[in-house]
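The values are calculated or read from the model by the stated rules, or taken from the named source; none is laboratory data. Everything quoted here is computed from the prediction, not taken from an experiment. Neighbour counts run over all protein chains shown; Cβ positions are idealised from the backbone, glycine included.
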Amino acid sequence: MKIHEYQAKELLRAFGVPTPTGKVVTTADEAVKAFESFGKGIAVVKAQVHAGGRGKGGGVKVVKSAEECRTEAKRILSNPLITPQTGPEGVKVRSLLVEQATSIGHEYYVAVVLDRAVQLPVLMASTEGGVEIEEVAAHNPDAIKKTHIFDARGLQPFQARKIAYALGLTGKQVDQAVKTLTGLVKLYLDKDCSLAEINPWVQTTDGDMIALDGKVNFDDNALFRLKDIQGYRDVTEEDPSELKAQETGISFVKLDGNIGCLVNGAGLAMSTMDIIKFHGGDPANFLDVGGGANVDQVTTAFEIILADKNVKAVLVNIFGGIMKCDTIATAILEAFKRVKFNVPLVVRLEGTNVELGRKMLADSGLPIITAGDLTDAAEKAVKAAG
């Protein structure tokens, strides 16, 4: 689960990380009031959306007067924000963060993520802040300093000092860095984060260390025990089809292709997408109905897939283990009656009661294309998609 920058900063402050003074607003008039409340002549207006690259898309602007603040706030709120992460259609901006400007001396990067290679959280830091860490890793990997979190209590002070010294910090900056780094790691661990990032983390011209931007993502599987974090969720920033799938107990991720996929099992779903690509097609989604899907879930899955106007064919790939093939055949036939199919449907069944399931589909009289194996199914789906 993703949250907005202003929400991430609320959490950072709760864990002892200094951030600029700011206010969340939803109108240009509110933005002006926030600007004037700071009592200084410079502020920053930031679009609050779940997408990176806001600055490149014109969603982050420095303003030096109340009138300029009004103009920029109105512009950002009135137009879709297009960034490298939103696609060409952009996203609607519903709120802004207006912050008191900070005098920047130097920018740093710091984040906590999971290092899957060693199965431990890792704290990463770099003197090259303000840019994407992937760019730093590509052109100057030695600039990234790392330390793994071995202790369940979090980052130890000596580890934090080691990172601070590696970044070239001295004097009071080291003490401030220790507080920020240990707080960031504690946030990551206590709130089941998948990412806790500050970019840029800046040293002001006065020598203070402040989190100028923050990004915090959470492990969806842990949300049931994070009641306070659940309140941060903004469903208006989520894909409606993915939200509908989640509410139905289906795992769904929308992609850019034209062949819809309905599969049971995450591994089988990945394999299905791979073989579609291998035969020259493009999957329109990842969709796993699970091992015990019922008629309602299969029907909802079809509705979600067919709502995508790019879908030109649907491939159902089911391995009947826990869920028998005749059961899924019944669900498919019932769903076919409920859902208006306007594209070809290719079905491949394998596993328990497979012959019965295939016979049910063949005897139904419905325009369903059956396949004997996954290769056959993929070839037929790619052909059907045109």
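Scanning the range 56-76 for residues that are surrounded by 13 or more Cβ atoms within 10 Å (Cβ to Cβ) and either touching a strand residue (DSSP E or B) at 6+ places or on another chain (Cβ under 7 Å) or of a type in the set (Val, Ile, Thr) (or both) gives Gly57, Gly59, Val60, Lys61, Val63, Cys69, Thr71, Glu72, Ala73, Ile76.
This table checks each residue for (1) more than 16 Å from Ala14 (Cα to Cα); (2) in contact with an Asp or Glu (Cβ under 9 Å, 6 or more places away or on another chain).
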| position | (1), (2) |
| --- | --- |
| Thr147 | yes, no |
| Leu181 | no, no |
| Asp219 | yes, yes |
| Leu223 | yes, yes |
| Tyr232 | no, yes |
| Leu243 | yes, no |
| Thr248 | yes, yes |
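The set of residues from the range 225-244 being among the acidic types (Asp, Glu), part of a loop (DSSP other than H, G, I, E, B) and over 13 Å from His4 (Cβ atoms) comprises just one member, Asp239. Of the residues making up the range 147-187, those that are among the hydrophobic types (A, V, I, L, M, F, W, C) and assigned to a loop (DSSP other than H, G, I, E, B) are Ile149, Phe150, Ala152, Leu155, Leu167, Leu169.
Based on this model, can you work out whether Asp274 counts as without any contact (Cβ under 8 Å) to a residue 24 or more places away in the chain, more than 30 Å from Leu349 (Cβ to Cβ) and outside any strand (DSSP E or B)? Here the answer is no, as Asp274 does not meet what is asked. Restricting attention to the range 354-386 and to residues that are exposed (fewer than 15 other Cβ atoms within 10 Å of the Cβ) and among the small types (Gly, Ala, Ser), the residue that is nearest to the chain's Cα centre (by Cα) turns out to be Gly386. If only residues of the range 77-100 that are part of a loop (DSSP other than H, G, I, E, B) and crowded, with 17+ Cβ neighbours inside 10 Å are counted, the one that is nearest to the chain's Cα centre (by Cα) is Thr86. Of the residues screened, Asn217 is one that is in contact with a Leu (Cβ under 8 Å, 6 or more places away or on another chain), over 15 Å from Pro18 (Cα atoms) and either assigned to a loop (DSSP other than H, G, I, E, B) or not hydroxyl-bearing (Ser, Thr, Tyr) (or both).
Give the number of residues within the range 311-353 that are surrounded by fewer than 21 Cβ atoms within 10 Å (Cβ to Cβ), in contact with a Phe, Trp or Tyr (Cβ under 6 Å, 6 or more places away or on another chain) and either modelled with pLDDT under 85 or of a type in the set (A, V, I, L, M) (or both). The qualifying residues number 1. Provide a single number: the residues in the range 188-208 that are over 23 Å from Glu134 (Cα atoms) and part of a helix (DSSP H, G or I). Number of matching residues: 2. For the range 231-249, indicate whether the set of residues that are among the β-branched types (Val, Ile, Thr), closer than 25 Å to Gly22 by Cβ and under 17 Å from the mean Cα position of the chain (by Cα) is non-empty. Taking every residue of the range 231-249 in turn, at least one turns out to be among the β-branched types (Val, Ile, Thr), closer than 25 Å to Gly22 by Cβ and under 17 Å from the mean Cα position of the chain (by Cα). Every residue in the range 310-346 that is assigned to a strand (DSSP E or B), more than 31 Å from the chain's Cα centre (by Cα) and among the β-branched types (Val, Ile, Thr), please. None; the set is empty.
Quick grid of which residues meet (1) closer than 16 Å to Ser194 by Cα; (2) not polar (S, T, N, Q):
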residue	(1), (2)
Val110	yes, yes
Val113	yes, yes
Gln119	yes, no
Met124	yes, yes
Thr127	no, no
Val131	no, yes
Pro141	no, yes
Ile144	no, yes
Thr147	no, no
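Does Gly357 satisfy the condition of being of a type in the set (Gly, Ala, Ser) and either part of a strand (DSSP E or B) or at positive phi (or both)? It is false that Gly357 is of a type in the set (Gly, Ala, Ser) and either part of a strand (DSSP E or B) or at positive phi (or both).
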